[in-house]
Amino acid sequence: MSENDNQVPSALVAVGTKALAVRSEALIKRGLALAKGLQSELKPVAPLINRPDGLFIWEQSILIRRFSQLGAIPVDPGYRSGHTALGHTLYDKGDVDGAIAEYRTAIHLHSDDTLAHLYLGLALYMKGDLDGAIREYRITVHLQPKYKTVHYDLGFLLYIKGDLDGAIREYRITVHLQPKYKTVHYDLGFLLYIKGDLDGAIAEYRTAILFLPDCVDPHHGLGLALDKKGDLDGAIAEYRTAISLNPDYAHVHHNLGLALERKGDHLGASFEIEKARELDPKDSWIAETYKRIRRKAESHG
């Protein structure tokens, strides 16, 4: 196995772990914002949750929350929207099990309650029931096929599950529904890179950079894909751009060092590897590369 092949696992740990954390935080943040009934966050989905009676779930949620603060929650046992809104209130209070029960009641009354399925999926995710969350998100997009943010989040959940093909499919649907959805191009490029579709990954990373020119990760990802493709000059240029955006990103310095070494620039490679070690002295792979570079320098010294 070549050094270039060895680069992939460490790079994926660096980029993939960060992407996973960011997506998880985004999913929870959006779900919590929705559950709290924040009008500003709900605007993008308002047309999808309009009920025949002309009310919006977020309005009902706010109303019921105000009643709950007074100690009287007016929930008609047969009023599905009331159960959904009560679920939000319980979720707010940290009673995830209670929220799940209310969302299930709403779904029992009306199996096509899109928001109840969506919030149930989020609550199940918070409880660690990944399969249950995926099931509810699938139902949600079945009921509302153009709900792009749910396709996006479903893709993330499938990624966690290890279903890369399923995740890629959902990300592609998101792109089809909203071509200018900035972050999905980066996520799609990352998954295509994992799958070995370097041309696809390069195309998505380039698109992500068009939308997010000052974001370090698309440049780093593009550098990795070009590197793997054999375009060292292109990879080095992207690594340098990434470093200009974030000089303290140890793994980019490391990958730039490896690329420079393969180009024959041993002095430049040594400088970048030492910088990577300085920034992240606990990373075992960077440490191994540093030792190898030092041994090579001493043998030629």
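Here, each number is a calculation from the coordinates, and none is a lab measurement. These numbers come from a predicted model, not from an experiment. Note that each Cβ is placed from the backbone with ideal geometry, even for glycine, and that neighbours are counted across all protein chains shown.
Note on residue 212 and residue 297: their simple-model spin labels are 3.4 nm apart, each label 7 Å out from Cα toward Cβ. Beyond 31 Å in Cα-Cα separation lie the following of the pairs 146/229; 195/296; 161/263; 182/229; 93/282; 148/195: 146/229; 195/296; 161/263; 93/282. Between residue 274 and residue 232, the contour length at 0.36 nm per residue exceeds the alpha carbon distance by 13.1 nm. In straight-distance terms, cross-link reach from residue 291 covers every one of the aspartates and glutamates whose alpha-carbon lies under 12 Å from its own, apart from those fewer than eight places away in the same chain; here that gives 274. Stretching residue 130 away from residue 282 to a fully extended chain increases their span by 51.5 nm, per 0.36 nm per residue minus the current alpha-carbon distance. If only the Cβ of Lys and Arg carry +1 and only the Cβ of Asp and Glu carry -1, the dipole of segment 101-142 around its Cα centre is close to 80 debye. Residue by residue, segment 145-156 carries 3J(HN,Hα) couplings of x, 9, 7, 5, 5, 6, 4, 4, 5, 4, x, 4 Hz when phi is fed to the Karplus relation 6.51 cos²θ - 1.76 cosθ + 1.60 (θ = phi - 60°); x denotes Gly or Pro. The orientation-averaged projected area of the convex hull spanned by the Cα atoms of segment 145-202 comes to 3.5 nm².
Backbone geometry of segment 210-225 corresponds, through the Karplus equation with coefficients 6.51, -1.76 and 1.60 at θ = phi - 60°, to 3J(HN,Hα) couplings of 4, 7, 10, x, 9, 9, 5, 5, x, 5, 5, x, 5, x, 4, 5 Hz, x marking Gly and Pro. Translational diffusion of segment 189-301, estimated by Stokes-Einstein from the Kirkwood radius over alpha carbon pairs at 37 °C in a medium of 0.692 mPa s, is 230 µm² per second.
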